[in-house]
Number of protein chains: 2
Amino acid sequence: MAAQKTKVTIFDVAKASGVSSSAVSYALNGKPGVSDTTRAKVLQVARELGWKPNGAAQSLAQAKTRRIGLVLGYDPQLLAVEPYMMSLISGLGAELEEKDYSLLVRMSMDSDDEDSIIEDWVATSNVDAMLLLNLEIGDPRIELMKQNPQMPVLAVADASLTAGLPTLASDDAAAVGLAVRHLYDLGHRNIARVAGPEELGHSYIRDAAFSEVTAELGVRYRCLHTDYTPAAGADATKRLLSVNPAPTAIIYDNDVMALAAEGVAAVGGVKVPQELSIMSWDDSFMCEAAHPGITALNRDIVESGRIAASLMLKLIDGEEVDVVEEPPYELRVRESTGPAPQRD
Amino acid sequence: MAAQKTKVTIFDVAKASGVSSSAVSYALNGKPGVSDTTRAKVLQVARELGWKPNGAAQSLAQAKTRRIGLVLGYDPQLLAVEPYMMSLISGLGAELEEKDYSLLVRMSMDSDDEDSIIEDWVATSNVDAMLLLNLEIGDPRIELMKQNPQMPVLAVADASLTAGLPTLASDDAAAVGLAVRHLYDLGHRNIARVAGPEELGHSYIRDAAFSEVTAELGVRYRCLHTDYTPAAGADATKRLLSVNPAPTAIIYDNDVMALAAEGVAAVGGVKVPQELSIMSWDDSFMCEAAHPGITALNRDIVESGRIAASLMLKLIDGEEVDVVEEPPYELRVRESTGPAPQRD
DNA sequence: TTGTATGCGTTATCAT
DNA sequence: ATGATAACGCATACAA
């Protein structure tokens, strides 16, 4: 109860309980080697003195930090507008919290920067494990982590990008199938996609899957890459609608772009979904709040975060982790998609 | 270059350079007490061996962690849908990165939980400073931090809530003035507000300011509290539009609710802004992407994060910090607000 | 300038 | 069962 101003160490507890420091350590860590009576006494004294083990000392002695590392690329707009990262962090945090782990977050200004932060964390043992996100094709971080096998690492990405590293994999290709099939069943034979930056690994994966699936079904397909902003999404929409024949359905890689597209359609007098169907890749409150509601590919990102955290904890415990699948995408059909318009 | 499998310590570097460990320490920390030649030699050897100081050992010896603590309340929906937290983290991270600090994040399941995490961090010296967000009226965390003056803390909240703690304060009252004045000038004399949860300190502050400003101007004012979700926003909107006389303008405490309101209006055949003006408190891509674009109170949250970080670093350096003002809100006028409709 | 010795607060080993 | 004592890896006061 009494809040001590000065640091209270294990020796203080030992002195106050009339035993030695090692007895205290044993007692407080629930280890054998100490009688029940002294254990009880020590525990009580420790509580009275408000003793807690110093984190740095504990880390040093046990070579464990109880921290998991996460490096975020600095792009406030992207981070803020996409619910993805915050959802993932929520899931990670919830799971880690139960195991008394924390998340160590660092912001990198560019990818060189990111590499050096990772190197630093590895070399200084600043974290017990690391999470790798937003992998690019041939990402140098993979090689970096392979050279430091003593540091557990989990990549969240398509398994084809992670070169055998423990991976939490999303089946983006399956999601592409869901989306295209939904539109195909509605009669659409000319669809377009407004994607994110080309460098991102998942853009590449989706690109390939879209090309393949649409080719199989004999559906016309076109893709425009953007920087994920609503302005870019609106612009791409205008361009797509001005070609001939214009696509009857457009899939956007995020929800703000889909929302912006609804605006473009409204201004241009294009009726959604009667004349144009609109879909969003990631689902969020925005898709629900929009009018018309936006059909979207939904996945439980919070749950992914939880899974990622539990996998990292396994890795820390020395267990093997190969490739684990994320919860699958589900199609949330709302009002923004409908039967393809009849043309010519 | 050679990646060492085994831990390389300062003694290894000392041995390899033919000097003592203290010389190594001095050399690597750029401190005087060592000749330039040995310094150069040590630096080279350290680089060759891939040496980096062990974080735990450094923390223990210096009683500094180079970490800042942040406890987030677990509400994935709220966290994800509001760009606020991720924007703030971006700003914090960017500033901390420059000073080689990291952000230690923990998720709390309820407020008791949050208190105990803070107590733990304070007792174990797990962070060099803490950031307090989302304060409630008479928040217990304030008392907690006051009892542990050795741990620097910064609160981000209205100064009236922080009881003298170092504070980064937002002038929500001024923002209320901006918003109400904008609507007043457009002729609105009956406005409503759809707010967030009543418990939040900022809800309270805004409530009071709205009541005051509208009373002063002789504007009719009503407020409904919600849980911030679009469904609740839509519901509140319907209720407000069904009373007589219905408000001619509604201000929403976040942007998804404002977006949902546009949907309600569209479905109900209520023209925005001709028959109803809509405003959002926080601005985001969503307000820009919406159709019509949503007039919003905009503030630079990323910059707030940077300021918060730099203030905490000052506190860590032992400087005094009192109350610092956030960058002010600005009104971003878009298409969702217009002249009040003429009514009897 | 350089090297030795000690403190930081735990955990863990080894006698007793 | 208990109590000295040695790591853990770095920083630093002090001695040489």
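With respect to residue B:171, is the statement that it is open to solvent by less than 40 Å² (accessible area, probe 1.4 Å), at pLDDT below 95 and away from chain A (no Cβ under 13 Å) true?
no
Please go through segment B:44-57 and pick out each residue that is within 14 Å of chain A (Cβ to nearest Cβ) and more than 9 Å from DNA strand C (Cβ to nearest atom).
B:46, B:47, B:48, B:49, B:50, B:51, B:52, B:53, B:54, B:55
For a quick check of your reading of the model, give me the residue pairs whose first member lies in segment B:38-61 and is in the same structural domain as residue B:28 (by the TED database) and outside any helix (DSSP H, G or I), whose second is of a type outside the set (Lys, Arg) and more than 10 Å from DNA strand D (Cβ to nearest atom), with beta-carbon atoms closer than 7 Å and at least 6 apart or on different chains.
B:50/B:2; B:50/B:3; B:50/B:4; B:52/A:120
If we keep just the residues of segment B:199-214 that are out of contact with any Phe, Trp or Tyr (no Cβ under 9 Å at 6 or more places or on another chain) and not acidic (Asp, Glu), which is most open to solvent (accessible area, probe 1.4 Å)?
So, considering only residues that are out of contact with any Phe, Trp or Tyr (no Cβ under 9 Å at 6 or more places or on another chain) and not acidic (Asp, Glu), the one most open to solvent (accessible area, probe 1.4 Å) is B:204.
So if I check each of A:68, A:10, which one is within 12 Å of DNA strand D (Cβ to nearest atom), touching a residue at least 12 places away in the same chain (Cβ under 8 Å), within 24 Å of residue B:65 (Cβ to Cβ) and in contact with a Phe, Trp or Tyr (Cβ under 9 Å, 6 or more places away or on another chain)?
On inspection, the qualifying residue turns out to be A:10.
Could you list, in sequence order, all residues of segment A:86-100 that are touching a Phe, Trp or Tyr at 6+ places or on another chain (Cβ under 9 Å) and more than 8 Å from every other protein chain (Cβ to nearest Cβ)?
Matches in segment A:86-100: A:95 only.
Suppose we filter segment B:82-104 for residues that are part of a helix (DSSP H, G or I) and under 22 Å from residue A:112 (Cβ atoms); how many remain?
10
Take residue A:83 and decide whether it is farther than 23 Å from residue A:144 by Cβ, within 16 Å of DNA strand D (Cβ to nearest atom), within 12 Å of another protein chain (Cβ to nearest Cβ) and not basic (Lys, Arg).
no
Go through segment B:33-63 and give me each residue that's more than 11 Å from DNA strand D (Cβ to nearest atom) and open to solvent by 70 Å² or more (accessible area, probe 1.4 Å).
B:36, B:37, B:41, B:44, B:47, B:48
Can you name every residue in segment A:5-28 that is more than 16 Å from residue B:120 (Cα to Cα) and open to solvent by 70 Å² or more (accessible area, probe 1.4 Å)?
Passing the criteria: A:11, A:15, A:26.
Is it true that some residue in segment A:255-267 is at pLDDT 95 or above and more than 14 Å from chain B (Cβ to nearest Cβ)?
No - not one qualifying residue is present in segment A:255-267.
Please work out if residue B:94 is surrounded by fewer than 19 Cβ atoms within 10 Å (Cβ to Cβ) and either at pLDDT 95 or above or of a type in the set (A, V, I, L, M) (or both).
no
Which of (1) open to solvent by less than 40 Å² (accessible area, probe 1.4 Å); (2) over 29 Å from the mean Cα position of the chain (by Cα) does residue A:80 not meet, given it meets every other one?
(2)
In segment A:26-43, how many are at pLDDT below 85, under 41 Å from the mean Cα position of the chain (by Cα) and either away from DNA strand C (no atom under 13 Å from the Cβ) or within 28 Å of residue B:149 (Cα to Cα) (or both)?
1
Are any of the residues in segment B:65-85 within 16 Å of DNA strand C (Cβ to nearest atom), under 30 Å from residue B:170 (Cα atoms) and in contact with an Asp or Glu (Cβ under 8 Å, 6 or more places away or on another chain)?
yes
Is it the case that residue B:217 is out of contact with any Phe, Trp or Tyr (no Cβ under 6 Å at 6 or more places or on another chain) and open to solvent by 20 Å² or more (accessible area, probe 1.4 Å)?
no
Take the residues of segment B:101-154 that are within 11 Å of another protein chain (Cβ to nearest Cβ) and of a type in the set (Lys, Arg): which is most open to solvent (accessible area, probe 1.4 Å)?
Among residues in segment B:101-154 that are within 11 Å of another protein chain (Cβ to nearest Cβ) and of a type in the set (Lys, Arg), the one most open to solvent (accessible area, probe 1.4 Å) is B:146.
Being more than 8 Å from chain B (Cβ to nearest Cβ), modelled with pLDDT of 95 or more and not in a helix (DSSP H, G or I) is the requirement here; does residue A:178 meet it?
no
What residue, among those in segment A:64-73 that are buried (at least 18 other Cβ atoms within 10 Å of the Cβ) and within 30 Å of residue A:228 (Cα to Cα), is nearest to the other protein chains (Cβ to nearest Cβ)?
By that ranking, first place goes to A:72.
Within segment B:186-207, which residues are farther than 13 Å from residue B:257 by Cβ and of a type in the set (D, E, K, R)?
B:189, B:198, B:199, B:206, B:207
Check segment A:62-74 and report whether any residue there is farther than 29 Å from residue B:62 by Cβ and either in a loop (DSSP other than H, G, I, E, B) or in the same structural domain as residue A:312 (by the TED database) (or both).
yes
The values are calculated or read from the model by the stated rules, or taken from the named source; none is laboratory data. Here the structure is a predicted model, which means the values were calculated and not measured. Don't worry about glycine lacking a Cβ; one is built from the backbone with ideal geometry, like all the others, and counts go over all protein chains shown. With ligands, DNA and RNA removed, areas are computed over all heavy atoms of the protein, side chains included. Shrake-Rupley method; radii C 1.70, N 1.55, O 1.52, S 1.80 Å.
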